[in-house]
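The values are calculated or read from the model by the stated rules, or taken from the named source; none is laboratory data. Treat the numbers as computed from the prediction; the structure is a model and nothing was measured. Cβ placement follows ideal geometry from the backbone for every residue including glycine, while neighbour counts extend to all protein chains displayed. Just so you know, the surface numbers come from the protein's heavy atoms only, side chains and all, with ligands and any DNA or RNA stripped out. Shrake-Rupley method; radii C 1.70, N 1.55, O 1.52, S 1.80 Å.
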Amino acid sequence: MTGISHLLIRTERTGDEAGIRAVHLAAFAHDGQQGTAEANLVDALRAAAAFPPELSVVAEADGRIIGHLLISHASIETASGAVPCLALAPLAVLPGYEHLHTGTKLMRHALARAARSGHRLMVVLGHPKYYRRFGFRPAPPRGITCRWPVPPEAFMVLELVPGALDGVRGIARYHTAFDDL
Ligand SMILES: CC(C)(COP(=O)(O)OP(=O)(O)OC[C@H]1O[C@@H](n2cnc3c(N)ncnc32)[C@H](O)[C@@H]1OP(=O)(O)O)[C@@H](O)C(=O)NCCC(=O)NCCS
């Protein structure tokens with residue numbers, strides 16, 4: 001595939017569920033297994049109303065959904081209480097449509113929406129090279145950790161509001177649906 005002629009980036013709406021599920025099943029497939037865990041995670045987060053509706057973003061082209069990004073509510077557990085934040089996961093683009101900037105467009109749309117809605121912090125667990133371009137930086141050096149045993153550079157944080165991390169130190173707590181991953 002050399003390009004996408006009519007790419008639409010928009011908020012998820014009723015009727016998108018199956019298309020979103022298909023994207024995650026295919027994009028996270030490995031060793032002959034479909035990406036069932038990621039697809040189920042999205043369904044569980046939706047059933048739990050665990051994300052701001054405007055932060056479930058789809059990419060549509062050729063009459064179908066070719067990408068999806070979800071950002072759910074999370075918190076940083078600090079010594080003085082929970083600080084609200086957002087957690088980005090999962091992000092996926094349908095195989096055959098990668099490297100055409102769809103992931104980048106989903107990210108830019110979602111980050112702008114999150115900032116406009118007044119959110120201050122976002123965490124992500126993923127490929128450092130990919131997320132760095134959007135401003136994410138390793139979280140452990142900033143005093144933010146997660147409960148998964150991951151390479152420190154893979155857990156990242158983004159200040160949607162400059163200075164939002166000042167004085168915030170603690171462990172990121174994702175929605176319990178992530179426990180099943
Ligand atoms: C990661 C993913 C969402 C990227 O989507 P995309 O539409 O291809 O991304 P873009 O076209 O906007 O950006 C592509 C860039 O990301 C980089 N990139 C893509 N996948 C990457 C990966 N797994 N690790 C590091 N960098 C990656 C490429 O180097 C590319 O840069 P280039 O264009 O300068 O060569 C897509 O490949 C995907 O769905 N992968 C499977 C699921 C997954 O791993 N999700 C992310 C979990 S952290």
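Observations
- By the Stokes-Einstein formula, at 0.890 mPa s and 25 °C, the chain with its Kirkwood radius over alpha-carbon pairs has D equal to 147 µm²/s.
- Once both labels are positioned 7 Å from their Cα atoms along Cα-to-Cβ, the gap between Arg10 and Arg137 label points is 3.8 nm.
- Largest accessible area first, the listed residues Ser75, Ser117 line up as Ser117, Ser75 when surface is computed with a 1.4 Å probe on the assembled protein chains.
- Kirkwood hydrodynamic radius computed over region 116-181 comes to 12.4 Å, based on all pairs of distinct alpha carbons.
- Each label point was placed 7 Å from the Cα along the Cα-to-Cβ direction; for Val150 and Ala112 their separation is 2.6 nm.
- Positive end of the dipole of the chain (Cβ unit charges, origin at the Cα centre): among Val161, Pro151, Leu91, the Cα lying farthest that way belongs to Val161.
- Computed from backbone phi with θ = phi - 60° and the Karplus coefficients 6.51, -1.76 and 1.60, the 3J(HN,Hα) list for region 59-69 is 10, 10, 7, 6, x, 8, 7, 10, x, 8, 9 Hz; x is used for glycine and proline.
- Its Cα centre serving as origin, the chain has a Cβ charge dipole (Lys and Arg +1, Asp and Glu -1) of approximately 620 debye.
- Sparsely packed trypsin sites (Lys or Arg not before Pro) within region 1-72, loop by DSSP, other Cβ within 10 Å at most 12: Arg13
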